[in-house]
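Here the structure is laid out as structure tokens; the discussion comes afterwards.
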Amino acid sequence: MERSAPPLISGFNHIATGTCDLDRVIAFYRDAFGATISAEIPSSADHPRMAIIDMGGGAALNVAEVPDGSIVGDRSAIGGRGPVDHFGLAAASRDVLEHLQRRIVDAGGQVGDITLLGGTTWSLFFRDPDGMELEVCAPK
């Protein structure tokens, strides 16, 4: 398919997710990825406590603190995670993936091996402290 006009979207701005322990999630992404908090919204009658976690490169995680038991599905199983199975973060190189692999473990996450997908992309799957599966990808 040929594209005749420039794309209207330049990338993802944020991904919204929920956790039962916002402080734990903030600490994990800070320690593993060097992420910072660009905003924290206290809970109110119509909105849960939420943090906007700046992952760098214009990407953010908007994480809401939700009651225990309100997260539906088994985050460790494909098909049990809801309509979005996982999301992938972008890294510059395999060297960065290797560095992140160590940082994720040190921050309390679980990591897999770095694998080559389709001959073009290095991939590192990991689980955050809530058991949510994510991926970091880098060009070969």
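Suppose we filter segment 95-130 for residues that are within 12 Å of the chain's Cα centre (by Cα) and farther than 17 Å from Asp31 by Cβ; how many remain?
1
Looking at segment 42-59 only, could you name the residues that are closer than 15 Å to Gly18 by Cβ and at pLDDT 95 or above?
Arg49, Met50, Ala51, Ile52, Ile53
For residues in segment 17-46 being without any contact (Cβ under 8 Å) to a residue 12 or more places away in the chain and assigned to a strand (DSSP E or B), which is surrounded by the fewest Cβ atoms within 10 Å (Cβ to Cβ)?
Ser44
It is to be established whether one or more residues within segment 65-72 are in a strand (DSSP E or B), surrounded by 16 or more Cβ atoms within 10 Å (Cβ to Cβ), modelled with pLDDT of 90 or more and not basic (Lys, Arg).
Checking segment 65-72: at least one residue is in a strand (DSSP E or B), surrounded by 16 or more Cβ atoms within 10 Å (Cβ to Cβ), modelled with pLDDT of 90 or more and not basic (Lys, Arg).
The values are calculated or read from the model by the stated rules, or taken from the named source; none is laboratory data. As the structure is a computational prediction, the values presented were derived from the model and not from experiment. Glycine gets a Cβ as well: all are built from the backbone with ideal geometry, and neighbour counts include every protein chain shown.
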